[in-house]
1. Counting heavy atoms of the protein chains only and a 1.4 Å probe, report the per residue accessible area for region 33-82 as a whole number of Å².
2. For the full complex of protein chains and a 1.4 angstrom probe, list Lys104, Lys7 by accessible area with the highest value first.
3. Nothing charged except the Cβ atoms of Lys and Arg (+1) and of Asp and Glu (-1): what's the magnitude of the dipole of the chain about its Cα centre? Round to the nearest 20 debye.
4. If you plug each phi of region 64-77 into the Karplus form 6.51 cos²θ - 1.76 cosθ + 1.60 with θ = phi - 60°, what whole-Hz ³J(HN,Hα) values come out, in order, with x for Gly and Pro?
5. Just reorder Met111, Met100, Met85 by solvent-accessible area, largest first, 1.4 Å probe, all chains present.
6. Would you kindly find the accessible area of Arg40, with a 1.4 Å probe and non-protein molecules such as ligands, DNA and RNA excluded, rounding to the nearest 10 Å²?
7. Normalised by the residues of the chain, what does the relative contact order come to in percent, with Cα pairs under 8 Å and at least six apart?
8. If amide H atoms are built 1.01 Å from N in the plane of the peptide, which residues on other chains or at least 5 residues away come under 5 Å of the amide H of Ala83?
Amino acid sequence: MSFKDSKVVIIGAGNVGSTTAYSIINQGLCEELVLIDVNRDKAYAEALDMRHSVYFMNRNISIHAGDYSDCADADVAIITASAPMPKDSSNRLDMLAPSMNIMKSIVEGVMA
């Protein structure tokens, strides 16, 4: 796979997804980057912020918010989405069961 023609989709535009996207942009690892989130406004805002930052990095990367249909021709799909950590817990295992349900729905959407 050539970086020049590659497309990366990140599902989950929270802190981990946004940081992953920024790292990919900073290293120039793809030509197109798509952010997908259940909160479409969040994905759009993150993509817009990153699109603005590209002008200062000397990168030629197309960045936008999208949906699962963008996965059809993606070279890489990165899933960073999870259930939020319960406020009364500091144990990451507490978010495992709800995250499994989220992951199942995401994988079904990506594979469709």
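The values are calculated or read from the model by the stated rules, or taken from the named source; none is laboratory data. From a predicted model like this one, the values you see are computed outputs, not experimental measurements. When we count neighbours, we look across all protein chains shown, and the Cβ atoms used for this are built from the backbone with ideal geometry, even at glycine. When the accessible area is computed, the model is the full protein with side chains, heavy atoms only, and any ligands, DNA or RNA have been set aside. Shrake-Rupley method; radii C 1.70, N 1.55, O 1.52, S 1.80 Å.
1. 62
2. Values: Lys104 125, Lys7 15 Å².
Order by accessible area, largest first: Lys104, Lys7.
3. Charge dipole of the chain: 240 debye, to the nearest 20.
4. Taking θ as phi minus 60°, the curve returns 7, 7, x, 9, 4, 5, 5, 6, 4, 10, 6, 7, 9, 10 Hz for region 64-77.
5. Result, largest first: Met111, Met100, Met85.
6. It works out to around 150 Å².
7. 29 percent.
8. Close amide H contacts, sequence-distant or interchain: Ser99.
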